[in-house]
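What follows is a set of notes on a single structure, which appears directly below.
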Amino acid sequence: MPARNETKKPPLSAKLAAEFVGTFFVTLVPTSVDILYYTGNHVDWVSRWLARGFITIALIYAFSEVSGAHINPAVSFAFALRRAMAWPLMLMYWVVQFAGAFGAAALAFALWGPAMVLGASHPGPKFTPVEAAIAEIIVTFLLMTVIIGCAEQEGVVGKQSAIAVGLTIATCGFFAGAISGASMNPARSIAPQILGGAYNIMWIYVAGPLVGAALAAVAALCIFGKPDGGERKAAHGK
């Protein structure tokens, strides 16, 4: 029996499928947990943010070697700005990421109807949209800095970065969740907002994460320099 080829690279179709499935679940889990939280169904504040972190950890373990497990258009955008992935590939990732997010939002709407809008990201009642956008910039900057920093260290590329990234997402929720919902992910937020009719706040969750990701890419150039092989592997998978 021939030896298994451990260096075989996943085809583009597998990468796109992984990004679709991954973004589906990083949208479905937070949306569902938030609906349960706001309707008083035994989900507490801590559980909301741990759920986001845990599902991210699981999906990075599952898909990091296939697609890089971006599961977030802001992550793909930062890697493209860093020239760790090609712009055409980033656009293909965006298409399937948003498709996965809309699939998850549609399922949530089928389950909960108009109450699904409770699961969409939104500013806290004590904060303005501008303050929410600033919070999104900050938390996305932090998340992307951790992702790039892990990618630059050979020992923590891919699966080994899962815990750091997942805990960062949970931590961002703890300190920015009350301000903006700590989305850091345009696909996760925009899909439920569109299906739920929350059109007036969509700009927060487009501008905030993309600006934060861009700033992180600039900061990474100062801290880490140009992307190395480890970062390119993190951006593409195998």
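Computed from backbone phi, the HN-Hα couplings of the stretch 121-129 come to 4, 7, x, x, x, 9, 10, 7, x Hz, rounded to whole numbers (Karplus: 6.51 cos²θ - 1.76 cosθ + 1.60, θ = phi - 60°; Gly and Pro given as x).
Among the trypsin sites (Lys or Arg not before Pro) within the stretch 1-105, those in coil by DSSP and having at most 11 neighbouring Cβ atoms inside 10 Å are 4, 8. Restriction of the trypsin sites (Lys or Arg not before Pro) in the stretch 126-229 to DSSP coil positions whose beta-carbon has at most 10 other beta-carbons within 10 angstrom yields 126.
With the simple spin-label model, which puts each label point 7 Å out from Cα in the Cβ direction, the residue 44 to residue 83 separation comes to 5.0 nm. Label-to-label distance for residue 9 and residue 200 is 4.8 nm, based on points extended 7 Å past Cα in the beta-carbon direction.
Sort 228, 34 by Cβ crowding within 10 Å, fewest neighbours at the top. Mind showing how you got there, number by number?
Values: 228 14, 34 25.
Exposure proxy ranking, most exposed first: 228, 34.
In a fully extended conformation the segment linking residue 222 and residue 54 would gain 57.4 nm over its present Cα-Cα distance, using 0.36 nm per residue. Across the chain, the relative contact order, built from alpha-carbon pairs under 8 Å that are at least six residues apart, equals 32 percent.
Compute log10 of I(q)/I(0) for the chain with the Debye formula, placing one identical point scatterer on every Cα and leaving out solvent, at q = 0.07, 0.13, 0.16 Å⁻¹, to two decimals. Result of the Debye calculation: -0.21, -0.70, -1.06. Remark: the stretch 189-195, residue by residue, has Karplus-estimated 3J(HN,Hα) of 8, 5, 4, x, 5, 5, 5 Hz, where x stands for each Gly or Pro and the curve is 6.51 cos²θ - 1.76 cosθ + 1.60 at θ = phi - 60°. Among 35-41, 75-81, the peptide with the highest mean count of other Cβ atoms within 10 Å heads the list, and the full ranking is 75-81, 35-41.
Only the coordinates and a few stated rules stand behind these numbers; no lab work does. Every value quoted in this text rests on a predicted model; they were computed, and no experiment measured them. All Cβ positions, glycine included, derive from the backbone under ideal geometry; neighbour counts span all protein chains shown.
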